[in-house]
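As structure tokens, the structure follows; a few thoughts come after it.
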Amino acid sequence: MQTAGTALVVVAHHRPDSLTVHIGERVASRLAEAGFEVDVLDLHREHFDPRMNVEDQPDWSDRDKVYSELTRSHQDRLLAADVIVPVFPVYWFSVPAILKGWIDRVWGYGFAYGRSQPRLAGKRMLWLGLAGTSAEDPMSPKMHQAIEEQLRDGVSYFCGIAEAGVEVLFGSEAQPQTVDEQGTLIVGEPLEGAEREAFYADFGREATGHVEKFFSLS
Ligand SMILES: Cc1cc2nc3c(=O)[nH]c(=O)nc-3n(C[C@H](O)[C@H](O)[C@H](O)COP(=O)(O)O)c2cc1C
């Protein structure tokens, strides 16, 4: 059977029961339903080491440098993908360290950039971030913009992926938080049972909606 192509879903969260992992699963199954062969790269469960090392450090005088075996296996997964969807919690207006380290080590010079014919050109990429703040928070547009600049412009566009976007799912805390008149953070009880399921389901719908729109899925 002909498939719609290959999708690489990159998940960056330490807790298997987290909202982020749930969204990664929902995105993967929506892409599979649309006919993609889905490769789920769960960085924590694969014990990915995000620390840069000598083997994976770019050599500016050698764009054909042979990177570590692990990095080459990740690069192969990227090359095999037609669409790439990293799913992550927003940390400090950015990505968590494990995802940052994956970009640092795997998206290396000579592989992801530094060639007149970029190897990743023609792929489509949607970054899906989950942010604790609400969409109405005055910081949220700034945060979205910062993430867009770092990831879409600084990584995807820089590496020749012209069709790239960033979506942020706001209000991702399953333990509701409010700030009182004195500016004190009030942390509510964690959502449980049916309430938690409904919360996860809402986010799942929002995430798959973004995926459907971005990749024009039927
Ligand atoms: C280290 C750290 C940094 C965070 N930075 C931000 C941030 O800059 N903006 C934001 O909206 N939320 C931030 N958050 C909240 C997370 O985005 C939120 O907890 C997460 O998306 C909830 O989903 P999860 O249950 O899958 O972790 C941060 C959380 C942590 C632990």
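Any read-out appearing in this document is the output of simple, stated calculations on the displayed coordinates, not a laboratory observation. Please read all numbers here as calculations on a predicted model, not as lab measurements. Glycine gets a Cβ as well: all are built from the backbone with ideal geometry, and neighbour counts include every protein chain shown.
Applying 1/(1 + (r/R0)^6) with R0 = 25 Å to the Cβ-Cβ distance of residue 189 and residue 149 gives a FRET efficiency near 0.10. Ordering 133, 22, 174 by Cα displacement along the dipole of the chain toward the positive end leaves 22 in first place; charges were set at the Cβ atoms of Lys, Arg (+1) and Asp, Glu (-1). Here the Karplus curve 6.51 cos²θ - 1.76 cosθ + 1.60, taken at θ = phi - 60°, turns the phi angles of segment 163-170 into couplings of 9, 9, x, 10, 10, 10, 9, 8 Hz, with x standing for Gly and Pro.
Of all DSSP beta bridges confined to the chain, the antiparallel ones make up roughly 15%. What you get for the chain, charging only the Cβ of Lys and Arg (+1) and of Asp and Glu (-1), is a dipole of about 800 debye around the Cα centre. Annotation: amide H-H contacts under 5 Å for residue 131 (H modelled 1.01 Å from N, sequence separation of 5 or more, or interchain): 90, 169, 170, 171, 172. Once backbone amide H atoms are built at 1.01 Å from N, residue 9 has 39, 40, 41, 85 as its partners under 5 Å, excluding neighbours fewer than 5 places away on the same chain. The overall shape of segment 86-205 is prolate: from the C-alpha gyration tensor, with semi-axes ordered a ≥ b ≥ c, the ratio a/c is 1.5 or greater and a/b exceeds b/c. On a per residue basis, the convex hull of the C-alpha atoms belonging to the chain measures out at 142 Å³.
Scoring 71-82, 136-147, 176-187 by mean Cβ neighbours within 10 Å over their residues and listing the highest first yields 71-82, 136-147, 176-187. Residues in segment 119-128 carry Karplus couplings, in order, of 5, 9, 4, x, 7, 10, 9, 10, 8, 10 Hz; the curve used is 6.51 cos²θ - 1.76 cosθ + 1.60 with θ = phi - 60°, and Gly or Pro positions show x.
For segment 176-191, 3J(HN,Hα) computed residue by residue from phi via the Karplus equation (6.51, -1.76, 1.60; θ = phi - 60°) reads x, 10, 9, 10, 7, 4, 7, x, 7, 7, 9, 9, x, 6, x, 5 Hz, glycine and proline entered as x. Computed extension gain for residue 66 through residue 162, at 0.36 nm per residue and net of the alpha carbon distance, reaches 31.9 nm. As a calculated quantity, the FRET efficiency between residue 115 and residue 201 at R0 = 41 Å, using C-beta atoms, amounts to about 0.40.
Please compute the net charge surrounding residue 127, taking Lys and Arg as +1 and Asp and Glu as -1 over other residues with Cβ under 10 Å from its Cβ. The partial results should precede the final answer.
On the way: positive: 152; negative: 148, 167.
That sum, taken over residues with Cβ under 10 Å, equals -1.
Where in segment 90-120 does the label zone of residue 55 land, with the point 7 angstrom along Cα→C-beta and an amide N cut-off under 19 Å? Correct set: 101-112.
Give me the dipole magnitude in Debye, nearest 20, for segment 56-100 about the Cα centre, with unit charges on the beta carbon: positive for Lys and Arg, negative for Asp and Glu. If you can, show how the numbers build up before the last one.
Details: 5 positive and 7 negative charges, 38 e Å.
Dipole about the Cα centre, nearest 20: 180 debye.
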